[in-house]
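The values are calculated or read from the model by the stated rules, or taken from the named source; none is laboratory data. Since we're looking at a predicted model, the values are computed, not measured. All Cβ positions, even for glycine, are placed from backbone atoms using ideal geometry, and neighbour counts span all protein chains on display.
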Amino acid sequence: MPHKYHVDFIFFLFTKMRQCLLCIVLSICVLPTAQAVEVIMNTTNSKELTQGLKNLRSIFIMRTRYWTNGKKIRVFVLPDNNVVHKAFAKQKLKMLPHQLRRTWNRMTYTGTGQPPVTVDSVAEMLEKIKHTKYSIGYIDRRVEDEKIIFFNVQ
């Protein structure tokens, strides 16, 4: 005949294992899917223009404002709550979206610069980049279009 404490321990152990398994299953179900982000530019931005620009972050925090040929960089971004924007900020810039927004707000309020142009969707982003010289932005997939090139982030 098993001892009462032995049965209680086994029951306790199974309960804890069930709770752990439930936590694992829930965390897997809730994890966001990996979002691929591609940085794109207008074809007027030849490869020579981007050779000196190794830091993508400096472009998007508006510290680097001109391409190496002296032309002004036109930066386009998606809204702060957009999934692609969040993935871009985290993956490519190694920042959180609210940190990026804080940087842009500081520039605006101190009068030292303007934030990037915000577009409503990935489709609009693609159109803006295709039709705006010296522009840069990001989308959620790789596309084949002769009017855009991809910015290779080092």
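Annotations for the structure displayed:
- Figure legend. Inter-residue proximity from the stretch 32-59: first residues of a type in the set (D, E, K, R), second residues at pLDDT below 60 and exposed (fewer than 15 other Cβ atoms within 10 Å of the Cβ), beta-carbon distance below 8 Å, spacing 6+ or different chains. Indicated pairs: Lys54/Gln154.
- Failed criterion for Leu100 (all others in (1) crowded, with 19+ Cβ neighbours inside 10 Å; (2) assigned to a helix (DSSP H, G or I); (3) in contact with a Lys or Arg (Cβ under 6 Å, 6 or more places away or on another chain) hold): (3)
- Only one entry in Arg101, Arg106 is touching an Asp or Glu at 6+ places or on another chain (Cβ under 8 Å) and of a type in the set (D, E, K, R), namely Arg101.
- Output for the stretch 121-149, where each listed residue is modelled with pLDDT under 85 and not in a loop (DSSP other than H, G, I, E, B): none
- Every test in (1) within 20 Å of Asn55 (Cα to Cα); (2) crowded, with 16+ Cβ neighbours inside 10 Å; (3) basic (Lys, Arg) is passed by Lys128 save one, and that test is (1).
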